[in-house]
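Throughout, read-outs are computed from the coordinates displayed, never taken from laboratory work. It should be emphasised that the depicted structure is a prediction, and the values quoted were computed from it without experimental measurement. Methodologically, a virtual Cβ is constructed for each residue, glycine included, from the backbone with ideal geometry; neighbour enumeration extends over all protein chains shown.
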Amino acid sequence: MDFHEQEQEKPVVLITGCSQGGIGHALARAFAAQKCTVVATSRSRSSMGDLDQNPRFFLQELDVQSDESVQGVVDNVVQRYGRIDVLVNNAGVQCVGPLAEMPLSSIQNTFDTNVYGSLRLVQAVVPHMASRKKGKIVNVGSVTVMAPGPWSGAYTASKAALHALTDTLRLELSHFGIDVVNVVPGAIKSNIGNSAVASYNRMPEWKLFKPFEAAIRERAYFSQRSKSTPADEFAKNTVSAILRTNPPAWFSSGHYSSIMAIMHHLPICVKDFVLRKAMKC
């Protein structure tokens, strides 16, 4: 088998949300380390500039909230490589604040990115995968869905919706030879804490929840405390699971992933007690 044929055998992986410092960027590098061809995307090409010199990467600007942008990138990839073997829906935004006072536009933006953005990519790539009777779709959820707590309700609800959609897609798409994987990160070192704080700083001043200001702000940084799992470690483990011939339906990794799985099965009164203490609610 010559080099060109070998390259043809390597999976073509399309990943959303690959800005430097994030989980998507780490996943892109981990797939490339496994000799995959990686289509790394984000809203700004410059945010992925460090990947530009590596021939394994094909960089594309992509806005997951735009039908036109999504279709354009998918068409570019299919035209260039003839296929998309793996789609990783990683692009996501955090949203911190009390649900009763948060602007609905902020909640809507969270769902537009985390839920509809992912579905937009799914609908764009499935026809290509179905025609080949082969493919993998990976949706990046969140361990917070296992025990939703205060101050991040919009984010957790969007990820809960994504978990439910992933379960449905797994059943619906199996007929076409498409595997669907729910990747559920724990607390992973990434720039989501910084972006959460940046978006929190644009929130209005709380009225009823003014006394909780410090606790709410601290929630934005919660996943970035010292015990967070390094993104490279998480990405290596995750990519290894995704590239299996029969990938798992559910893959969870990272700090807090085990304890949150236990929390999920606790009586509600115990769960509430623990979350109130942890989040100073």
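The C-alpha atoms of the chain define a longest principal axis, and helix 23-33 lies at about 30 degrees to it.
Under a 5 Å amide H cut-off, with hydrogens placed 1.01 Å from N, residue 253 pairs with 184, 186 among residues at least 5 apart or on other chains.
The phi torsions of segment 177-191, fed into the Karplus equation with coefficients 6.51, -1.76 and 1.60 and a -60° offset, translate into couplings of x, 9, 7, 10, 10, 9, 8, 10, x, x, 7, 10, 4, 7, 8 Hz, rounded to whole numbers, with Gly and Pro shown as x. Charged neighbours of residue 279, selected by a Cβ distance under 11 Å, balance to +2 (K, R count +1; D, E count -1). Within segment 116-138, name every residue whose backbone N is under 19 Å away from a label modeled 7 Å from Cα of residue 175 along the Cβ vector. Backbone N within reach: 122-137. Using 0.36 nm per residue and subtracting the Cα-Cα separation, the extra length available between residue 33 and residue 194 on full extension is 55.2 nm.
The phi torsions of segment 164-172, fed into the Karplus equation with coefficients 6.51, -1.76 and 1.60 and a -60° offset, translate into couplings of 5, 5, 5, 4, 5, 4, 4, 6, 5 Hz, rounded to whole numbers, with Gly and Pro shown as x.
When peptides 151-157, 128-134 are ranked by their average number of other Cβ atoms within 10 Å per residue, the highest-first order is 151-157, 128-134. Taking the average, over residues, of other Cβ atoms within 10 Å as the packing measure, peptides 261-272, 62-73, 169-180, 107-118 rank 107-118, 62-73, 169-180, 261-272 from highest down.
Less than 5 angstrom separates the built amide H of residue 181 from those of 137, 138, 139, all sequence-distant by 5 or more or on a different chain.
Running Debye on segment 66-119 with equal point scatterers at the Cα sites and no solvent, what base-10 log of I(q)/I(0) appears at q = 0.17, 0.25 Å⁻¹? The computed values of log10 I(q)/I(0) come out as -0.65, -1.01. Exceedance of the 31 Å cut-off in Cα-Cα distance is limited, within the set 189/271; 134/236; 136/277; 133/236; 136/159; 133/189, to 136/277; 133/189.
Maximal additional length on extending the residue 276-residue 112 stretch stands at 56.2 nm, based on 0.36 nm per residue less the C-alpha distance.
For segment 69-84, putting each phi into the Karplus relation 6.51 cos²θ - 1.76 cosθ + 1.60 with θ = phi - 60° gives couplings of 4, 4, 5, x, 5, 4, 4, 4, 5, 5, 5, 6, 10, x, 6, 10 Hz, in residue order, rounded to whole numbers and with x for Gly and Pro.
In whole angstrom, the chain maps to an equivalent ellipsoid with semi-axes of 33, 20, 18, each derived as √(5λ) from the alpha carbon gyration tensor and ordered largest first. For the chain, the mean residue ellipticity at 222 nm estimated from helices alone is -14000 deg cm²/dmol, where every DSSP H run of n ≥ 4 contributes -39500 (n - 2.57) and the total is divided by all residues, rounded to the nearest 500. For the pair residue 65 and residue 45, a Förster radius of 22 Å applied to the C-beta separation gives a FRET efficiency near 0.80, rounded to the nearest 0.05.
The Cα center of segment 167-198 and the Cα center of segment 42-89 differ in position by 18 Å. The relative contact order of the chain comes to 19 percent, based on Cα pairs under 8 Å that sit 6 or more residues apart. Amide H contacts under 5 Å for residue 152: 97, restricted to partners 5 or more places along the chain or on a different chain, H placed in the peptide plane at 1.01 Å from N. A full extension of the chain between residue 130 and residue 105 corresponds to an added length of 5.5 nm, given 0.36 nm per residue minus the alpha carbon distance.
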